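Note sheet for the following structure.
The values are calculated or read from the model by the stated rules, or taken from the named source; none is laboratory data. None of these values were measured; they are calculated from a predicted model. Every residue, glycine among them, receives a Cβ derived from its backbone with ideal geometry; neighbour counts consider all protein chains shown. Accessible surface is based on the protein model in full, side chains and every heavy atom, while ligands, DNA and RNA are left aside. Shrake-Rupley method; radii C 1.70, N 1.55, O 1.52, S 1.80 Å.
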Amino acid sequence: MCLATSSMCRSMARIRLRFDDLEIEFVDRGRAIEQVYEFAEKGTRFPVVVFGPEGCGKTAWLLQAVEILKEMGYSVIYFNPLRRRFEAEVGIESIRHMILDRLKQVSTEYGFAKLIWLVIDIAIEVLKHGRKRLAVVVDDAFQYLSAKEAAAIVKGLLELIEHPEESYERIVAIAATSEGLSRYEIGRHLWAWIRPMWNMPREGFEELYEKVPGPKPSFDEVWRLTGGNPRTLSMLYRAMWGVDGVVEDITRSRGVTRDFVRRWMQYLADIVDDPDALMEKDVPEELKHALIEKNLIVYDLYSRNPELWVDEPPPEKDPELGIGKYIAWQTPLHREAVRRALAQS
Ligand SMILES: Nc1ncnc2c1ncn2[C@@H]1O[C@H](COP(=O)(O)OP(=O)(O)OP(=O)(O)O)[C@@H](O)[C@H]1O
Ligand SMILES: [Mg+2]
């Protein structure tokens, strides 16, 4: 446990992460790490709900956060149905058994995801056992839930913070999602600090790029293609830097079908040039909804006040990367998928 003052605790051990067939040490995200220390020092007054482009590094950051929180003396409950992980490092045998018993009863992914409701019960139980510092970290859980259910979970976490049955010293609650729509249901209530996280900043991303072995395109070129998105970098690495295959993968997985593109052609050409064009009055709500739902864009970007972001905010505007003032393509290759589909229609 780190007993020194915060500034002396920053030499944290960096976790190792899977990066395609490589294992790479967690790089950069200095500000986001600093934010975890701040959470640990004060607790979170509201659950922090983090959203951002797919593959921008939310899970990696949360995994590193779990290690920091443990170092800072927190009992940590970590839940991630996509990774099939439900862990409670709380040093209480009965709780470990409770979780193991429930895990044995689930066979499907969906069944696992529904265990999210158990997270709050376990948290209450942990406090009952006298633990004073508790962290609840929930990742990738919202895509299995309706937006209303996601909001209910966040409300449950808030209840834990505001009306605990037992006294505690600090609670840290963080949930992350790339589900563009659940943010709105949660955001309708004052139940959470909703904080976006963007792709990696250029310098940090270069550090990651340097760790990828073998012959590769120049960093400038990779930056232009990925906009700092580490998953896109790993996809390009896997494809031996063949852009066409990666664009095709995005086209298929994001549902950029010929029908979709033909239907909205008159608007999409402008949005490819400048994503803020989606804000124009005559753009139908249905198209906005579809682009958010397909995780092609991030809508309604916050002002670039760093206080409102996890890690560094994106630039005010970067037409080359498809970042507008209010709306951004998740990565340049998401935009490229639409651009190519338009050209073929
Ligand atoms: N700071 C980092 N250092 C090293 N590797 C990273 C970092 N951030 C992300 N990665 C790697 O990039 C890939 C994508 O990251 P990650 O899974 O964390 O993204 P995500 O935002 O959680 O994605 P999703 O939206 O699908 O949940 C992973 O292989 C991860 O290990
Ligand atoms: Mg994730």
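The table below gives the values:
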| read-out | value |
| --- | --- |
| Residue identified as modelled with pLDDT under 95, within 16 Å of ligand 2 (Cβ to nearest atom) and under 20 Å from the mean Cα position of the chain (by Cα) among Arg188, Arg183 | Arg183 |
| Residue identified as open to solvent by 30 Å² or more (accessible area, probe 1.4 Å) and more than 16 Å from ligand 1 (Cβ to nearest atom) among Glu221, Glu207 | Glu221 |
| Number of positions in region 81-94 that are touching a strand residue (DSSP E or B) at 6+ places or on another chain (Cβ under 9 Å) and within 15 Å of ligand 2 (Cβ to nearest atom) | 4 |
| Test result for Arg231, in contact with a Lys or Arg (Cβ under 7 Å, 6 or more places away or on another chain) and surrounded by 17 or more Cβ atoms within 10 Å (Cβ to Cβ) | no |
| In region 286-306, residue surrounded by the most Cβ atoms within 10 Å (Cβ to Cβ) [restricted to those that are modelled with pLDDT under 95 and of a type in the set (Asp, Glu)] | Asp300 |
| Subset of region 7-23 that is in a loop (DSSP other than H, G, I, E, B) and small (Gly, Ala, Ser) - its residue that is modelled with the highest pLDDT | Ala13 |
| Subset of region 86-95 [surrounded by 11 or more Cβ atoms within 10 Å (Cβ to Cβ), over 26 Å from the mean Cα position of the chain (by Cα) and closer than 16 Å to Ile124 by Cβ] | Ile92, Ile95 |
| Every residue from region 256-305 that is farther than 18 Å from Phe51 by Cα and acidic (Asp, Glu) | Asp259, Asp270, Asp273, Asp274, Asp276, Glu280, Asp282, Glu285, Glu286 |
| Qualifying position, being in a strand (DSSP E or B), basic (Lys, Arg) and either within 25 Å of Glu159 (Cα to Cα) or open to solvent by 20 Å² or more (accessible area, probe 1.4 Å) (or both), among Arg183, Arg195 | Arg195 |
| Hey, Val119 among the aliphatic types (A, V, I, L, M) and touching a residue at least 60 places away in the same chain (Cβ under 8 Å) or not | no |
| Tabulated pairs, region 81-98, first part of a strand (DSSP E or B), second within 16 Å of ligand 1 (Cβ to nearest atom), C-beta under 6 angstrom, 6+ apart or interchain | Phe86/Phe79; Glu87/Tyr78 |
| Unmet requirement for Arg252, which otherwise passes all of (1) closer than 27 Å to Glu316 by Cβ; (2) basic (Lys, Arg); (3) out of contact with any Leu (no Cβ under 6 Å at 6 or more places or on another chain) | (1) |
| Matching option when the condition is away from ligand 2 (no atom under 16 Å from the Cβ) and surrounded by 18 or more Cβ atoms within 10 Å (Cβ to Cβ), among Tyr74, Tyr78 | Tyr74 |
| Residues that are surrounded by fewer than 18 Cβ atoms within 10 Å (Cβ to Cβ) and within 16 Å of ligand 2 (Cβ to nearest atom), drawn from region 145-166 | none |
| In region 40-71, the residues that are over 9 Å from the mean Cα position of the chain (by Cα), within 15 Å of ligand 1 (Cβ to nearest atom) and either over 23 Å from Gly156 (Cα atoms) or open to solvent by 10 Å² or more (accessible area, probe 1.4 Å) (or both) | Leu63, Gln64, Val66, Glu67, Ile68 |
| Any hit, region 102-110, residues being within 16 Å of ligand 2 (Cβ to nearest atom), in the same structural domain as Arg14 (by TED's automatic domain parsing) and either charged (D, E, K, R) or under 28 Å from Ile292 (Cα atoms) (or both) | yes |
